[in-house]
1. Across every pair of different alpha-carbon atoms, what Kirkwood hydrodynamic radius in Å does segment 4-220 reach?
2. Got a sec? How would 215, 85 order by Cβ neighbour count within 10 Å, fewest to most?
3. Starting with the highest mean, order 171-177, 50-56 by the number of other Cβ atoms within 10 Å, averaged over the residues of each peptide.
4. Kindly work out what percent of the DSSP beta bridges joining two residues of segment 4-220 are antiparallel, to the nearest 5.
5. Would you mind putting 126-139, 58-71 in packing order, based on average other-beta-carbon counts within 10 Å, highest first?
6. By count of other Cβ within 10 Å, fewest leading, how are 113, 93 ordered?
7. Using per-residue counts of other Cβ atoms within 10 Å, averaged over each peptide, order 94-104, 33-43, 189-199 from highest down.
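Nothing in this text is a laboratory measurement; each read-out follows from the coordinates by a stated rule. Just so you know, these numbers come straight off a predicted model, no measurement behind them. All Cβ positions, glycine included, derive from the backbone under ideal geometry; neighbour counts span all protein chains shown.
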């Protein structure tokens, strides 16, 4: 994908990820325990399984109707063992769609903006150690300007409830969707390994539900 990351005084290259097996986890009583279990399972995947899953995920995304009908699409760079999006981003570019990546707000620090991502562009690490485009503030766009957001998650259920890392950045950035009944833009899909599907997540009042989840094995809409 040819993206170079600048951070901590040295140039670094993004580590790729990718694959899976198995299915539904029982939900522990505490979300923190569930997060820990699923994150550990992601980190335990062998590199060859990760890469195979990344290819399969990209094929499922490319065939999805929401993806095909969207022009301005936000994705993410994998962190903390998240399923790799290298080939998803490659499809966005090859199909002449515009790809965006999340950037942590430099003012409020609790919301996400989005920057256009292009091959060879410079990236830098934010305060959480996550790579993001090194762009000027005036180049950032709001979520409202996007057609589709492909977002990472730690866990999900059959009702479109998403378990994230607990920071609430996507929920706050997409809060405006909770007040809309008709013109739902952007569309919101989660990307994950299939084993991250769990039974019966209890949503919080501020949670933004997903319209679907795409994994390396299935498409849940």
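1. Details: mean 1/r = 0.0571 Å⁻¹.
Its Kirkwood hydrodynamic radius stands at 17.5 Å.
2. Details: 215 22, 85 27.
Final ranking by Cβ density, sparse to dense: 215, 85.
3. 50-56, 171-177
4. Among the beta bridges of segment 4-220, antiparallel pairing accounts for roughly 50 percent.
5. Descending packing order for the listed peptides: 58-71, 126-139.
6. Numbers: 113 21, 93 14.
Ordered by Cβ neighbours within 10 Å, fewest first: 93, 113.
7. 189-199, 94-104, 33-43
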